[in-house]
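First the structure, in the form of structure tokens, and then the observations on it.
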Amino acid sequence: MTSRIEWPPIRELLEDDQQHAAIESYFPDPGRISFCDALQQWAPARLTEIRAAGRRLEVASQLADFPIIAIAGMLNSGKTSLVSTFLSDAGRQRSLRGESNDAGTHRFVLWLPQSWRADAEVWGLLMSRLGEALGQPPQMLSDDPAAAHEQYNNAEGQADALAIPLVATDPGLDKACVGLLDCPDIVTSEAFGRGALEVRKTLLCRAATLCSAFVMVTDFASLRANTVGELLDVAATSMSGVSRYLAINMIRPKYRPHEVFEDLQPLVSGHGITASYLAYDFEIPASETFVPEVADRGTEDDPMPVFFEASAIEPDLVKQIDASQLLSSLPTRLNRSALFDGFRRSQATSLAERVWSDGVDFLRDQTATQATYARRARQAICDASLEFFARRDFSSGAIIELRLHQSARIIHQLTDAFSKAAPWYARLGMKMNGFVSKLTRSASELMQSFNLTGAAQKKAEQIRDDFRKGAKGSVLSGERLCESYRRHDLTGQMRTEIPDSQLLEICNHAVERFDAEDQTALDPQQLRRTAEAMWQEMSMVKKLQHGLTPVAALFAAFAAVVMVPVDGGGTLVLMHASIAELLLATGFAGLVTAWNSHGALKAMELQAAQQQLADFIAVQCDSLGVPRGIDDQIEPLQIQIGPREHVLPAAKVALRRSDNTSIRIWKLRQPFLDSLHQKLPRD
């Protein structure tokens, strides 16, 4: 990560919805979408974090001369005592120290040099950044020590107060010219009711983005606790490239400095610690041996821990340690240029992590997830539709053939072909003159056009009842389609909630639209030739014996299809049946055998049924807001009929935009990724 990384050009790229747009949208609206707009739709909180990371990088240059050191630690580890070593006497009185929970730190307290407040611009920027990091505007720490202690301790026990930082200034920090962020004690339970461990760690992670260095304070007894390593990991993640220090407090004199130094090495090397410091327990007289002569120990009434740099030093040399080796001198020894570079690198690294992992990877996963939802939803729609289109083997459940939607167009063709192919005496007896020309799409008018005899009328009503009961063919309605959706868990596949009333409305609309727009037709020439062949194949004996019966039965079956929707309920009902099923309903098996013997006609019927199925699926996709199919993103549907796989044809019904869109199909554009990598390398 280099210092050339700047937020403004990166922000411009992320907001571009034209030439350098991040997203190519395919459904529901073709076009290009910016990175920011895409995240705003799917994960606005992630976009907020990315923009915040960008602003942190942008203000890093302005805060170059105002470094802040985060000081974190376990409860009663001496963390605030370490902070106090940098403060004036008045500042030490306002800070809260002690070993009981009443003396614990349960708020973020930012101690700043008093001189920084004189610069209104810098002060405003610091306050803004602090509030932005923790999510709440800061409050000032009271000048009254007792009131300040209550604030420090969050005496009222409000867990929400943990995210409201306290700010104090002190002249003792003017010489060091650094700010100190006294972080809340890391507690291992929620017994205190002032913010659980995970909440404190999360806020620490956010607050650390303010800081140019990090000091972890722990007592020697807790050195090997898991929480210490977890906090160091938080610092490494939140402050990549920023110097991290370890301060070990309350060491008992039986442990020699070189022994402690040796014990620290795995932790130091494993967590990238820049330097470690040791402080012996000043309440034990024998610890006097390990207090450097140059150190400020505080007063007799208010003793302070003395931290010196860990090394393999012999005990008798500790007294002679130079002041530059004390932790109290760390701020003055920090290389400001390196400190700023590290701080800025940390902000740039954090921004890159946010943009690539929380943004790009998230959007890439979303594109794959949405395509998966679309495939599953479309398959569920297909499976639901096959309950009406498919005729299955009773034992195996395999699809034997596809049924046709017996539309007025199909019935028109069938009656035309069979009436014209019928013998002359049958045509006269059935009064077929002008029959075909009278066919209309109105069910009542179509019924009248059949001009059936009383016996044929009775036969038609019997066949109609069989159809309605499901004994033959299948009946499609909005309600039945809705039930089929539930069986195939359509809304679960779409990952969306649709109220039952709305789903029924969608289903009714889909059925009505399919009935109105289904333009599928059979090949009239092929149909005519087959009808003629069937009459020719019927023996003369049967022709003379039955006379008009086969013709009457045929037209009774056709009439029954037209009669199915006439239920008086006002709900549209569609009939699905193969032509073989229609013929079978007549009671003359010979007609079915004759029909099935014509392979070309069966192929024509299958092609028509597949087109109807594809159109019906497309209509449902439109109504539900599911993409029909997008190039390589969503492949064509396939169904198995008998031993063969069949790819459904493209739908012929016009595409209509739905108000129910819950699935979006898009993909990341490579030009955007290339530009982003140039401006903000991932590594």
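The values are calculated or read from the model by the stated rules, or taken from the named source; none is laboratory data. This structure is a prediction, so every number in the text was calculated from the model and none was measured. Using ideal geometry, Cβ is built from the backbone for each residue, glycine included, and neighbour counts are taken over all protein chains shown. Side chains included, ligands, DNA and RNA excluded: accessible areas come from the protein's heavy atoms. Shrake-Rupley method; radii C 1.70, N 1.55, O 1.52, S 1.80 Å.
Within region 391-417, the set of residues being in a helix (DSSP H, G or I) and either out of contact with any helix residue (DSSP H, G or I) (no Cβ under 7 Å at 6 or more places or on another chain) or open to solvent by 20 Å² or more (accessible area, probe 1.4 Å) (or both) comprises Ala408, Arg409, Ile410, His412, Gln413, Asp416.
Matching residues to (1) modelled with pLDDT under 80; (2) open to solvent by less than 30 Å² (accessible area, probe 1.4 Å); (3) under 30 Å from the mean Cα position of the chain (by Cα); (4) among the aromatic types (Phe, Trp, Tyr):
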{"site": "Ile164", "(1), (2), (3), (4)": "no, no, no, no"}
{"site": "Ala168", "(1), (2), (3), (4)": "no, yes, no, no"}
{"site": "Leu180", "(1), (2), (3), (4)": "no, yes, no, no"}
{"site": "Thr188", "(1), (2), (3), (4)": "yes, no, no, no"}
{"site": "Gly193", "(1), (2), (3), (4)": "yes, no, no, no"}
{"site": "Thr218", "(1), (2), (3), (4)": "no, yes, no, no"}
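A single member of Lys438, Lys431, Lys420, Lys472 is open to solvent by 10 Å² or more (accessible area, probe 1.4 Å), modelled with pLDDT under 80, within 27 Å of Pro524 (Cα to Cα) and touching an Asp or Glu at 6+ places or on another chain (Cβ under 7 Å), and it is Lys472. Out of the residues in region 489-518 that are not aliphatic (A, V, I, L, M) and not in a helix (DSSP H, G or I), which is most open to solvent (accessible area, probe 1.4 Å)? Once the filter is applied, the top-ranked residue is Glu497.
Conditions tested, residue by residue: (1) closer than 22 Å to Arg92 by Cα; (2) touching a Pro at 6+ places or on another chain (Cβ under 9 Å); (3) small (Gly, Ala, Ser); (4) open to solvent by 10 Å² or more (accessible area, probe 1.4 Å).
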| site | (1), (2), (3), (4) |
| --- | --- |
| Leu264 | no, no, no, no |
| Asp296 | yes, no, no, yes |
| Glu309 | no, no, no, yes |
| Pro315 | no, yes, no, yes |
| Lys319 | no, yes, no, yes |
| Ser324 | no, no, yes, yes |
| Ala348 | no, no, yes, no |
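Within region 298-307, the residues that satisfy the criterion of being open to solvent by less than 70 Å² (accessible area, probe 1.4 Å) and part of a loop (DSSP other than H, G, I, E, B) are Asp302, Met304, Pro305, Val306, Phe307. Taken together, the residues in region 374-390 that are buried (at least 21 other Cβ atoms within 10 Å of the Cβ) and either at positive phi or of a type outside the set (A, V, I, L, M, F, W, C) (or both) amount to 2.
Residue-by-condition table, conditions (1) of a type outside the set (Lys, Arg); (2) modelled with pLDDT of 90 or more:
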| position | (1), (2) |
| --- | --- |
| Ala594 | yes, no |
| Gly599 | yes, no |
| Phe616 | yes, yes |
| Asp631 | yes, no |
| Glu635 | yes, no |
| Lys667 | no, yes |
| Gln678 | yes, yes |
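The numbered conditions (1) modelled with pLDDT of 90 or more; (2) out of contact with any helix residue (DSSP H, G or I) (no Cβ under 6 Å at 6 or more places or on another chain) are all true for Ile248 except (2).
In a helix (DSSP H, G or I) and more than 30 Å from Thr349 (Cβ to Cβ) - does that describe any residue in region 266-286? Looking for residues that are in a helix (DSSP H, G or I) and more than 30 Å from Thr349 (Cβ to Cβ), one finds at least one in region 266-286, hence yes.
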